[in-house]
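To start, the structure under review is shown below, and the notes come after it.
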Amino acid sequence: DAGITQSPRHKVTETGTPVTLRCHQTENHRYMYWYRQDPGHGLRLIHYSYGVKDTDKGEVSDGYSVSRSKTEDFLLTLESATSSQTSVYFCAISEGGSRGTYEQYFGPGTRLTVT
Amino acid sequence: GENVEQHPSTLSVQEGDSAVIKCTYSDSASNYFPWYKQELGKGPQLIIDIRSNVGEKKDQRIAVTLNKTAKHFSLHITETQPEDSAVYFCAASIGGSQGNLIFGKGTKLSVKP
């Protein structure tokens with residue numbers, strides 16, 4: 001998985017509780033992404049980062065926030081989890097840069113269940 | 001907004017046959033088109049990609065073709081094997097987005113021995 005780890009790998013939480021998912025990379029890639037995967041929807045971008053402390057919204061950002069204080073770590077936070085946020089969450093990384101290297105490599109995923 | 005449509009949603013072939021998965025995209029500024037393979041319980045794995053200045057690219061049993069005029073691209077797998085069974089996703093870059101991708105909804109390929 002291209003030097004990408006996600007933690008936790010599985011989590012069950014209750015509605016209304018805060019949840020933070022972590023993505024850690026050892027590739028020193030500039031770009032990091034958070035996606036969610038749901039049946040019938042494929043992969044949808046939540047937020048992405050193009051550098052330390054530089055982040056932007058994706059297609060389905062409502063209810064999520066992110067932070068990137070170090071190159072290697074990208075955190076996804078659900079401030080108050082809802083059942084609609086039950087999903088599998090994937091982190092991806094990309095070298096980016098002036099060469100336009102768009103290849104994205106994915107982590108193993110975190111399965112989140114909100115009850 | 002930008003959209004990628006992928007067909008078929010399921011595909012069943014006999015071992016040794018070829019499989020073709022097709023995608024269309026809406027953003028004329030898209031210039032990068034990757035394909036991913038996802039096995040059960042794992043993250044998507046990049047298997048091949050193509051850029052807009054190339055019409056076809058091959059890697060062993062896998063090939064991708066791109067028709068920019070028609071805004072569609074296809075994945076071709078020849079001599080399929082049971083280990084090719086997985087869900088395949090196409091994606092297209094969103095123009096001017098620093099490499100952000102929009103994904104198709106996936107094709108579940110089953111290769112029967």
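Readers should treat all values here as calculations from the given coordinates under stated rules, not as data from a laboratory. Since this is a predicted model, take the numbers as computed values, not measurements. Neighbour counts are summed over all protein chains in view; Cβ atoms, including those assigned to glycine, are modelled from backbone coordinates with ideal geometry.
Kindly indicate the residue of the stretch A:4-26 that is within 12 Å of another protein chain (Cβ to nearest Cβ) and in a strand (DSSP E or B) and also nearest to the chain's Cα centre (by Cα) among those meeting that condition. Break it down into steps so the answer makes sense when it comes.
Within the stretch A:4-26, the subset within 12 Å of another protein chain (Cβ to nearest Cβ) is A:4-6, A:9-10, A:23.
Narrowing further to those that are in a strand (DSSP E or B): A:4-6, A:10, A:23.
Working: A:Ile4: 11, A:Thr5: 11, A:Gln6: 9, A:His10: 14, A:Cys23: 7 Å.
Checked the stretch A:4-26; the qualifying residue nearest to the chain's Cα centre (by Cα) is A:Cys23.
Pairs only if they're at least six apart or on different chains, beta carbon under 7 angstrom, first in the stretch A:27-54 and within 15 Å of A:Ile93 (Cβ to Cβ) and at the interface with another protein chain (Cβ under 10 Å from one of its Cβ atoms), second part of a loop (DSSP other than H, G, I, E, B) and basic (Lys, Arg); list them, first residue then second.
What qualifies is A:Tyr50/A:Arg30.
Of all residues in the stretch A:16-37, count the ones that are touching a strand residue (DSSP E or B) at 6+ places or on another chain (Cβ under 6 Å) and exposed (fewer than 14 other Cβ atoms within 10 Å of the Cβ).
Count: 0.
Restricting to the stretch B:62-113, count the residues that are within 14 Å of chain A (Cβ to nearest Cβ) and in contact with a helix residue (DSSP H, G or I) (Cβ under 8 Å, 6 or more places away or on another chain).
0
Would you point out the residue of the stretch A:55-95, among those that are touching a residue at least 60 places away in the same chain (Cβ under 8 Å) and among the hydroxyl-bearing types (Ser, Thr, Tyr), that is farthest from the other protein chains (Cβ to nearest Cβ)?
A:Ser80
Could we say that A:Gly109 is away from chain B (no Cβ under 14 Å), within 20 Å of A:Gly40 (Cβ to Cβ) and not hydrophobic (A, V, I, L, M, F, W, C) here?
On the way: away from chain B (no Cβ under 14 Å): no; within 20 Å of A:Gly40 (Cβ to Cβ): yes; not hydrophobic (A, V, I, L, M, F, W, C): yes.
Against the criterion (away from chain B (no Cβ under 14 Å), within 20 Å of A:Gly40 (Cβ to Cβ) and not hydrophobic (A, V, I, L, M, F, W, C)), A:Gly109 does not qualify.
Need a quick list: strands (runs of 3 or more DSSP E) entirely within the stretch B:24-113 having at least 3 residues that are among the acidic types (Asp, Glu) and under 13 Å from the mean Cα position of the chain (by Cα).
Details: elements: B:32-38, B:45-51, B:56-59, B:62-67, B:72-77, B:86-93, B:101-103, B:107-112.
The strands (runs of 3 or more DSSP E) meeting that bar number zero.
Could we say that A:Thr71 is more than 19 Å from B:Gly104 (Cα to Cα) and under 10 Å from the mean Cα position of the chain (by Cα) here?
On the way: more than 19 Å from B:Gly104 (Cα to Cα): yes; under 10 Å from the mean Cα position of the chain (by Cα): no.
No; evaluated as a whole, the condition is false for this residue.
Sort out which residues of the stretch B:8-26 are more than 11 Å from B:Ile77 (Cβ to Cβ) and in contact with a Phe, Trp or Tyr (Cβ under 6 Å, 6 or more places away or on another chain), and write them in order of number.
B:Cys23
Kindly indicate the residue of the stretch B:75-105 that is among the small types (Gly, Ala, Ser) and within 24 Å of A:Ser49 (Cα to Cα) and also surrounded by the fewest Cβ atoms within 10 Å (Cβ to Cβ) among those meeting that condition. Let's see the steps before the verdict.
So in the stretch B:75-105, the residues among the small types (Gly, Ala, Ser) come out as B:85-86, B:91-93, B:95-97, B:99, B:104.
This time we only want the ones that are within 24 Å of A:Ser49 (Cα to Cα), so: B:91-93, B:95-97, B:99, B:104.
Working: B:Ala91: 28, B:Ala92: 26, B:Ser93: 25, B:Gly95: 12, B:Gly96: 8, B:Ser97: 18, B:Gly99: 20, B:Gly104: 25.
My answer is B:Gly96.
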